[in-house]
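For reference, the structure discussed in these notes is given below.
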Amino acid sequence: MAQEITSQLEVEGSVVAVLHVDESGTDPVRTVLGNCTKDDLSISTDESSEDFNPGSQRRTKRYRTNNTIDVEVASAIAPDLAALEKVGIVDSDGKITFDSADRKTLASDDEYIEIAYFDHEPDYSSVDIEADSELLHRFEDCELTSPEVDPSATPPTASWTWWVEGGFYLDFSSA
């Protein structure tokens, strides 16, 4: 069983789509926030623990006290800046914003962030993200932090980090 799951999670392609998903309607609406490669993406999970060693025990017991998940993305700046506005980096005028309301937390039951891996450059107007991607991660309850703009890159890039305060599905499928 473990080998079957592992072989299903292999990713050969390097094209990555970062998506905002809105499932408030009858059909999910996926908006591409950025295209990048696997090298421009980082998902880190950190767990902290405390040790407890009472005098009557031979072994130290460890207890998980908290965990954090960060998703770091670097992507080319979109020509119309719509994606950067959707994630809360810029306002409707294209100006960098630091307003907490703009850096909205995707805490509703019908908004998510997804990362889809492809072995080709997909046509997002016709691709079935769940069926055609090699692997699909889903993150719940995300809050944007640490936006950066690198005008020296070619093309210029924006990068940001989401703090994931909800679930992380390693291989998401709605079926």
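Annotations
- Where labels lie 7 Å past Cα in the beta-carbon direction, separation of Ser108 and Val127 in nm: 2.5
- Surrounding net charge for Lys61, when Lys and Arg each add one and Asp and Glu each subtract one, Cβ distance under 14 Å: +2
- Only Lys, Arg, Asp and Glu carry charge here, each on its Cβ (+1 for the first two, -1 for the last two); on that basis the stretch 40-120 has a dipole of about 820 debye about its Cα centre.
- Counting Cα-Cα pairs of the stretch 34-86 in 5 Å increments starting at 0 gives whole-percent bin shares of 4, 15, 14, 12, 11, 8, 8, 7, 6, 5, 4, 3, 1, 0.
- For the stretch 1-147, averaging the sequence separation of C-alpha pairs within contact (under 8 Å, six or more residues apart) and dividing by the residue count gives a relative contact order of 28 percent.
- Evaluated at q = 0.09, 0.15, 0.17, 0.18 Å⁻¹: base-10 log I(q)/I(0), Debye formula over Cα of the chain: -0.38, -0.90, -1.12, -1.23
- Taking 0.36 nm per residue of sequence separation and removing the Cα-Cα distance, the Thr154/Ser44 pair yields an extension gain of 37.0 nm.
- For Glu134, the residues whose modelled amide H falls within less than 5 Å of its own, excluding neighbours fewer than 5 places apart on the same chain, are Tyr117, Phe118, Asp119.
- Ellipticity at 222 nm from helices only: DSSP H runs of n ≥ 4 in the chain, each -39500 (n - 2.57), divided by the residue count, give -2000 deg cm²/dmol.
- The phi torsions of the stretch 36-49, fed into the Karplus equation with coefficients 6.51, -1.76 and 1.60 and a -60° offset, translate into couplings of 8, 10, 4, 5, 9, 10, 9, 10, 10, 10, 10, 10, 9, 9 Hz, rounded to whole numbers, with Gly and Pro shown as x.
- For the stretch 24-98, with all protein chains in place and a probe radius of 1.4 Å, 42% of the accessible heavy-atom surface sits on carbon or sulfur.
- Whole-number accessible area per residue in Å² for the stretch 58-175, which is evaluated in the context of all protein chains at 1.4 Å: 59
- Pairwise label distance in nanometres, Asn67 with Thr145, each label 7 Å out on the Cα-Cβ vector: 1.8
- Å³ per residue enclosed by the Cα convex hull of the stretch 114-175: 117
The values are calculated or read from the model by the stated rules, or taken from the named source; none is laboratory data. Because the structure is predicted, anything quoted here is derived from the model rather than measured. Positions of Cβ are generated from backbone atoms using ideal geometry, with glycine treated the same way; all protein chains shown enter the neighbour counts. Remember, those area values only see protein heavy atoms, side chains included, never the ligands or the DNA or RNA. Shrake-Rupley method; radii C 1.70, N 1.55, O 1.52, S 1.80 Å.
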